[in-house]
């Protein structure tokens, strides 16, 4: 069975870059009838925070990306230590005592010679006496001894890929303070939980070679990998610089619809048109991972605005009823109000403004040149309650009395009743208006 995972670190809020990986993994699992796993990579005890873990779950729930299983890496530390012991016993995990300054100096020397700045495995040449002396002075960090061979795999997006393990440093798997790092913990979890497919950013390509070797050293087989292109801003700038402003929490607070985000990211990086969808499951139609390209993908947050508007314009009342109730819009007038105003909304919260106008009225907007006409027209308003023909009847009477027509007729009357220059069809809105009639100054 297909099993994919989304494995964020709870060290901050999710942003659109994170969401892209989450969505692609979710779509693969759901299209195959498989399972989707949420794993919180929280082995960093200093930076990982419970409130961020809660926010991740909240954001995914808001988006409708449900998971079938969830766990935290901090609950599996014994599994990582068992794996580390196995690697030590097999001679694949070795202790090192260089300080960060010493490692930085080695890198600078190698670069000055035009050589790749990879670790020289000096720790493997230490005598037992030297190791014992260093162990008494400070704890070691632990590196995985790579087989210096070319690691090959067929990437589901990038195609055939390979990394020469001799060209990269033996990765640190455990820090001096005992913290298990991503490269080990992720490899252990992916192997033990049976993950079959992993989609992540192209910045992880080099990591893949090490993780493949670690999995095989532990007796497992690696899953299928896909590395999607990295996102950039609309001008090609590094997306990470915009990540805070584009956190999912910030976008939700700004009123963007969750399906606007998903609809955009499900097609971004393909040649397929972006179409506003109503539910995550609707994105499965036409989804193929092979349609995504390898080139950096530009994301303009402004593209979310028309998608949010389109989703609202087409949303049936049943889909938004609970959210309208949270805005105080409920009862027998809730559905006709929604049907009247949805076509003019750019954010759902704007429905509350129209509900207030209908309930309590709005200060009229009247230009001086229209004041006499509006005063005469208000005297021609049909009696309450206004029915479905109230706007037609009123404008016909005002036209007959004034001779006005077109915009000169309709616009001043709209502004007098709603205080707005634009808005929903008045024929649908006027029967919902229960507030006091507008009072003109003077």
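Conditions (1) out of contact with any helix residue (DSSP H, G or I) (no Cβ under 6 Å at 6 or more places or on another chain); (2) farther than 29 Å from residue 276 by Cα; (3) free of Cβ contacts under 8 Å to residues at least 40 places away in the same chain, marked per residue:
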| position | (1), (2), (3) |
| --- | --- |
| 300 | yes, no, no |
| 307 | no, no, no |
| 315 | yes, no, yes |
| 321 | yes, no, yes |
| 371 | yes, yes, no |
| 377 | no, yes, yes |
inquiry  = Checking residue 153 against (1) part of a helix (DSSP H, G or I); (2) touching a strand residue (DSSP E or B) at 6+ places or on another chain (Cβ under 7 Å): exactly one of these is not met. Which one?
reply    = (1)
Sole exception among (1) in contact with a helix residue (DSSP H, G or I) (Cβ under 9 Å, 6 or more places away or on another chain); (2) exposed (fewer than 15 other Cβ atoms within 10 Å of the Cβ); (3) not assigned by TED's automatic domain parsing to the domain that holds residue 346 for residue 253, by number = (1)
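Would you pick out the residues in the range 267-303 that are under 17 Å from residue 256 (Cα atoms) and at pLDDT 95 or above? It would help to see each step written out before you state the result.
Here is the first cut: in the range 267-303, the residues under 17 Å from residue 256 (Cα atoms) are 274-280, 299-303.
Passing the criteria: 274, 275, 276, 277, 278, 279, 280, 303.
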inquiry  = If I ask for residues that are within 14 Å of the chain's Cα centre (by Cα) and either under 12 Å from residue 197 (Cα atoms) or buried (at least 22 other Cβ atoms within 10 Å of the Cβ) (or both), which ones from the range 1-15 would you list?
reply    = 6, 8, 14, 15
query = Taking the stated definitions as given, is residue 267 buried (at least 16 other Cβ atoms within 10 Å of the Cβ), out of contact with any helix residue (DSSP H, G or I) (no Cβ under 7 Å at 6 or more places or on another chain) and not in a helix (DSSP H, G or I)?
reply = yes
remark   = Expected single match for out of contact with any helix residue (DSSP H, G or I) (no Cβ under 6 Å at 6 or more places or on another chain) and within 23 Å of residue 17 (Cα to Cα) among 198, 174 is 198
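Given the options 283, 262, 231, 246, name the one that is crowded, with 16+ Cβ neighbours inside 10 Å and closer than 30 Å to residue 184 by Cβ. Quick ask: steps written out before the conclusion?
Details: 283 fails: closer than 30 Å to residue 184 by Cβ; 262 fails: closer than 30 Å to residue 184 by Cβ; 246 fails: closer than 30 Å to residue 184 by Cβ.
Result: 231 is the single residue among 283, 262, 231, 246 that is crowded, with 16+ Cβ neighbours inside 10 Å and closer than 30 Å to residue 184 by Cβ.
Results for (1) under 30 Å from residue 138 (Cβ atoms); (2) crowded, with 16+ Cβ neighbours inside 10 Å; (3) within 19 Å of the chain's Cα centre (by Cα), shown as yes or no for each residue.
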site: 21; (1), (2), (3): no, yes, yes
site: 24; (1), (2), (3): no, yes, yes
site: 33; (1), (2), (3): no, no, no
site: 38; (1), (2), (3): no, yes, yes
site: 55; (1), (2), (3): no, yes, yes
site: 71; (1), (2), (3): no, no, no
site: 76; (1), (2), (3): yes, yes, no
site: 91; (1), (2), (3): yes, no, no
site: 96; (1), (2), (3): yes, yes, no
query = Which helices (runs of 4 or more DSSP H) sit wholly inside the range 353-438 and have at least 2 residues that are out of contact with any strand residue (DSSP E or B) (no Cβ under 7 Å at 6 or more places or on another chain), within 28 Å of residue 334 (Cα to Cα) and not assigned by TED's automatic domain parsing to the domain that holds residue 333?
reply = 390-402, 407-418, 426-429
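If you go through the range 156-170 one residue at a time, do you hit one that is under 30 Å from residue 100 (Cβ atoms) and crowded, with 22+ Cβ neighbours inside 10 Å? Spell out how you get there, then give the answer.
At the first step, the residues of the range 156-170 found to be under 30 Å from residue 100 (Cβ atoms) are 163-170.
After this cut, where a residue has to be crowded, with 22+ Cβ neighbours inside 10 Å as well, the list is 170.
Yes; the residues of the range 156-170 include at least one that is under 30 Å from residue 100 (Cβ atoms) and crowded, with 22+ Cβ neighbours inside 10 Å.
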remark   = Per the list (1) in a helix (DSSP H, G or I); (2) over 24 Å from the mean Cα position of the chain (by Cα); (3) surrounded by 15 or more Cβ atoms within 10 Å (Cβ to Cβ), residue check on residue 309 breaks on (2)
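Restricting to the range 190-213, what's the tally of residues that are part of a strand (DSSP E or B) and either more than 23 Å from the chain's Cα centre (by Cα) or closer than 20 Å to residue 144 by Cβ (or both)? Before you say what the answer is, go through the steps one by one.
We begin by selecting, within the range 190-213, every residue part of a strand (DSSP E or B); these are 197-201.
If we keep only those that are either more than 23 Å from the chain's Cα centre (by Cα) or closer than 20 Å to residue 144 by Cβ (or both) as well, we get 198, 200.
So the count comes out to 2.
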message = I need the full set of residues from the range 181-208 which are over 12 Å from residue 223 (Cβ atoms), touching a strand residue (DSSP E or B) at 6+ places or on another chain (Cβ under 7 Å) and surrounded by fewer than 23 Cβ atoms within 10 Å (Cβ to Cβ), in order please.
response = 181, 183, 201, 202, 204, 205, 206
key: Unmet criterion (only one of (1) in contact with a helix residue (DSSP H, G or I) (Cβ under 9 Å, 6 or more places away or on another chain); (2) more than 22 Å from residue 52 (Cβ to Cβ); (3) at pLDDT below 95) for residue 214   = (3)
note = The correct count of residues that are under 15 Å from residue 358 (Cβ atoms) and crowded, with 19+ Cβ neighbours inside 10 Å in the range 385-415 is 3
remark   = Exception for residue 277 within (1) buried (at least 18 other Cβ atoms within 10 Å of the Cβ); (2) outside any helix (DSSP H, G or I); (3) in contact (Cβ under 8 Å) with a residue 40 or more places away in the chain falls at (3)
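The values are calculated or read from the model by the stated rules, or taken from the named source; none is laboratory data. All values derive from a computational prediction rather than experimental measurement. Ideal geometry is used to build each Cβ from the backbone, glycine not excepted, and the neighbour counts take in all protein chains shown.
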